[in-house]
Amino acid sequence: MDLEQRILNKEKRAVARLITLAENGEKEAFKILKKLYNKTGNAHVIGITGPPGAGKSTLTDKLVKALRREGKTVGVIAVDPTSPFTGGSILGDRVRMSELNTDPGVFIRSMGARGHLGGLSKATRAAVKVLDIYGVDYIFIETVGVGQSEVDIAKNADTTLMVMVPGLGDDIQAIKAGIMEIGDVFAINKADRDGAKRTATEIEMMLDFNKEAKWRPPVNMAIAIKNEGIDDLLNDIKKHLEFLKESGLYEERRVQNSKLEIIDLVKDNLMGMILDKSSKEKLVDELSKKVANREVDPYTSAEEILNNIK
Ligand SMILES: Nc1nc2c(ncn2[C@@H]2O[C@H](COP(=O)(O)OP(=O)(O)OP(=O)(O)O)[C@@H](O)[C@H]2O)c(=O)[nH]1
């Protein structure tokens with residue numbers, strides 16, 4: 001049976017296979033995704049982000065289990081741009097979720113960078129689609145917190161959960177620019193530690209600056225290792241989706257996300273075309289040497305490369 005049919009038949013192994021093909025940039029994968037695209041858009045996509053070690057994996061694990069108790073099916077995509085590894089359980093700390101691995105209602109996938117430009121974002125988006133077609137109710141995209149990747153994730157998600165820990169203090173100041181505003185729901189995890197209340201107050205104060213916002217991100221305390229605060233957190237995540245739908249922002253956000261996706265793909269395709277052709281002709285290499293030796297300037301070089309594909 002072909003892969004497309006196997007996906008439609010809800011074969012878990014076919015899902016893994018299709019994600020791998022997409023990750024490798026295989027045309028076959030995108031042929032299937034083109035055909036089945038109209039079957040996507042049903043899952044609630046949740047991005048989970050926050051500093052390394054905040055407890056994102058532990059929290060995801062508990063949220064997934066809570067959803068499973070409700071009978072919902074879940075996909076988890078763990079994205080680590082700093083890791084060259086991909087596929088199964090190579091990322092050590094994901095092993096904690098391994099008992100979920102044997103649950104037929106849960107699909108877990110790790111994705112690493114593999115070194116090609118823009119590839120991770122494209123692969124992550126493809127994985128979301130595959131899981132959506134497969135028919136899970138919820139998709140979590142968890143990322144290792146390194147700047148741009150956090151923002152990138154928000155582009156794929158309906159709801160972004162920002163995980164903080166007590167005593168971040170100065171860190172909050174540092175990350176607030178650009179990153180705080182992508183949080184739709186906040187969790188202060190490790191609330192068993194000192195300073196959780198203070199961190200909550202600091203976050204609330206920061207959120208106060210944005211009085212015009214139609215949605216006030218709720219700030220929750222959680223102790224993921226003790227499974228405390230998980231239900232409230234899940235409720236807020238669900239409420240956020242309801243809010244998006246009722247306010248019309250759901251459509252708006254999805255249009256915006258689609259726009260970003262198309263632009264990223266155009267950039268990707270263009271870069272692919274340019275580098276393909278130019279590297280065959282060794283044009284980029286030649287120009288790089290010339291630019292380094294000040295024989296040519298980089299502006300003219302870029303124009304020359306672009307002219308070369310016309
Ligand atoms: N005290 C306390 N420790 C916790 C809590 N939740 C998670 N931890 C611990 O914090 C450590 C990091 O948790 P992870 O879930 O791996 O954190 P992460 O954010 O996924 O980490 P990265 O993958 O490095 O980004 C682990 O040792 C957890 O057991 C909590 O509520 N309280």
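Some points to look at:
- Of the residues making up the stretch 294-309, none is within 29 Å of Lys72 (Cα to Cα) and aromatic (Phe, Trp, Tyr).
Residue by residue, here is whether (1) in contact with a His (Cβ under 8 Å, 6 or more places away or on another chain); (2) open to solvent by 80 Å² or more (accessible area, probe 1.4 Å); (3) away from the ligand (no atom under 16 Å from the Cβ); (4) not in a helix (DSSP H, G or I) holds:
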position	(1), (2), (3), (4)
Phe186	no, no, no, yes
Arg193	no, yes, no, yes
Leu207	no, no, yes, no
Glu212	no, yes, yes, yes
Arg216	no, yes, yes, yes
Ile225	no, yes, no, no
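- The lone exception for Ile262 - which of (1) at pLDDT 90 or above; (2) surrounded by 12 or more Cβ atoms within 10 Å (Cβ to Cβ) it fails: (2)
- From the list Thr102, Thr159, the one residue that fits, being surrounded by 16 or more Cβ atoms within 10 Å (Cβ to Cβ) and at pLDDT 65 or above, is Thr159.
- Of all the numbered requirements in (1) open to solvent by less than 30 Å² (accessible area, probe 1.4 Å); (2) at pLDDT 60 or above; (3) part of a loop (DSSP other than H, G, I, E, B), Gly145 misses one, and that requirement is (2).
- A count restricted to the stretch 290-302 and to residues that are surrounded by 11 or more Cβ atoms within 10 Å (Cβ to Cβ) and part of a helix (DSSP H, G or I) stands at 6.
- Within the stretch 228-252, being open to solvent by 70 Å² or more (accessible area, probe 1.4 Å) and either at positive phi or in a helix (DSSP H, G or I) (or both) holds for Asp231, Asp232, Asn235, Lys239, Glu242, Lys245, Glu246, Glu251, Glu252.
The values are calculated or read from the model by the stated rules, or taken from the named source; none is laboratory data. The structure displayed is predicted, hence computed values, not measured ones. In this analysis, Cβ positions are derived from the backbone assuming ideal geometry, glycine residues included, and neighbour counts consider all displayed protein chains. Just so you know, the surface numbers come from the protein's heavy atoms only, side chains and all, with ligands and any DNA or RNA stripped out. Shrake-Rupley method; radii C 1.70, N 1.55, O 1.52, S 1.80 Å.
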